[in-house]
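Since the structure comes first, as structure tokens, the remarks are kept for the end.
The values are calculated or read from the model by the stated rules, or taken from the named source; none is laboratory data. The structure displayed is predicted, hence computed values, not measured ones. Here the Cβ is made from the backbone with ideal geometry for all residues, glycine too, and neighbour counts use every protein chain on show.
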Amino acid sequence: MKQKKPRRPLSCTKETTLTNEKFIELYRYLKLTRMFDEKTVRLKKQSKLTGGVFTSLGQEATAVGTAFALEEKDFIAPLIRDIGACFVKGIEPRTIFLQYFGRGTAPSRATDVQFHFADLEKGFVGPISHLGDMIPVMTGILLAARMRNEDRVAVAYLGEGASSTGTFHEGVNFAAVKKLPLITIIENNGYAYSTPTREQAACTQFVEKALGYGIKGLQVDGNDIVACYETMKSAVDYARTGNGSVLIEAMTYRRKGHAEHDNQAYVPEGEIEWWAEHNDPVTRFEKYLSEQEILSNQQMDDMAVEIKEFLNAEAEWAEDQPPPEPVQAAMNVFDNSFVSPAYKKQVLDK
Ligand SMILES: Cc1ncc(C[n+]2csc(CCOP(=O)(O)OP(=O)(O)O)c2C)c(N)n1
């Protein structure tokens, strides 16, 4: 990934439709996402979490800024880098902590320790591991919505690596042909696990893939949260008014490894530090908020203290919840129709 030296520290785009009140809300989500990741990394290092920890360090603005342009009735299928979009859609940190701690009351009841769960009331269609597979799923959801005369937009988030899969092609193509309001967001963060972008695809601009499907393509600076919001807003307006699908390429950078266990030995020296110093989405937005006199540094610090206390309380609450009953381990995984009603009443429902 090219690292153009900025002449002056980057800020966020000035052209916006957002009010100051919305900016503050947006900032809280951004900061919450950053601090949630930091908290989960600490919990992992304390050996309190059993599963892998996947963070979005350095690319939080893409998930938060784009999800912020959606309406409550819209659907999202996030991926591991999009916890920020889950928060914007109303998923509480405590619910994700319950998953991470593998508690019996977690939506997945400890059969999964990531955020592979759904909350359809909130328009949150849970992610699955299989890259690209959520695109046909979201396409199907939109087709069903159309048949029911429901006005919904759906978003499938994925990395540039996932755009090399067959299901990406099938899903995007079908949505394009049917002019479904699907917004596919490719987060081009430089690496797919340890594979750099140049070894992932021969095209240099992933936005160009839109051309081949006959849909609208937009490219955005994924570390500029205001630009992410505005680009997404225009995509949502376009899709909602019957023009069909949109593909957005968000240019960003993954500052952590694939997950916490990945030491990033494949990353050239100095690259991560460069992005941290020159193109951090949180710093950029803070600079903007301060320049525009929307929030003072003191107010931002106060918000960080409030979020820290909130997250500590959320995590403590989740940790205190009971673990699952061993017998529940196989429930909702296999076909349990063989379970006799008496056994179910006696053991499972207690
Ligand atoms: C179909 C499929 N193939 C391989 C994997 C294993 N895998 C998990 S994440 C990952 C890399 C994903 O890269 P990218 O899509 O660019 O997203 P990023 O992690 O960079 O956000 C791979 C290969 C998988 N989950 N699904």
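List of remarks:
- Taking the conditions (1) in contact with a His (Cβ under 9 Å, 6 or more places away or on another chain); (2) in a loop (DSSP other than H, G, I, E, B) in turn, Gln99 satisfies each one other than (2).
- Residue within the stretch 254-274 that is in contact with a strand residue (DSSP E or B) (Cβ under 6 Å, 6 or more places away or on another chain) and surrounded by 14 or more Cβ atoms within 10 Å (Cβ to Cβ) present: yes
- One residue stands out in the stretch 227-253 among those that are more than 16 Å from the ligand (Cβ to nearest atom) and among the acidic types (Asp, Glu): the one that is surrounded by the most Cβ atoms within 10 Å (Cβ to Cβ), namely Glu230.
- Residue list for the stretch 143-159, restricted to those being in contact (Cβ under 8 Å) with a residue 12 or more places away in the chain and surrounded by fewer than 23 Cβ atoms within 10 Å (Cβ to Cβ): Leu143, Arg146, Glu150, Asp151, Arg152
- Members of the stretch 304-342 that are among the small types (Gly, Ala, Ser) and either out of contact with any helix residue (DSSP H, G or I) (no Cβ under 7 Å at 6 or more places or on another chain) or in a loop (DSSP other than H, G, I, E, B) (or both): Ala313, Ala329, Ala330, Ser337, Ser340, Ala342
- Scanning the stretch 143-179 for residues that are hydroxyl-bearing (Ser, Thr, Tyr) and not in a helix (DSSP H, G or I), we see that the one that is nearest to Ala235 (Cα to Cα) is Tyr157.
- Residue check, Thr204 modelled with pLDDT under 95 and either assigned to a strand (DSSP E or B) or over 16 Å from Phe75 (Cα atoms) (or both): yes
- Residue check, Ala210 farther than 20 Å from Ala239 by Cβ, assigned to a helix (DSSP H, G or I) and either of a type outside the set (D, E, K, R) or within 14 Å of the ligand (Cβ to nearest atom) (or both): no
- From Thr55, Thr50, residue being surrounded by fewer than 20 Cβ atoms within 10 Å (Cβ to Cβ) and either in a loop (DSSP other than H, G, I, E, B) or more than 16 Å from the ligand (Cβ to nearest atom) (or both): Thr50
- Selected residue [within 15 Å of the ligand (Cβ to nearest atom) and more than 18 Å from Glu249 (Cα to Cα)] from Gly166, Gly159: Gly166
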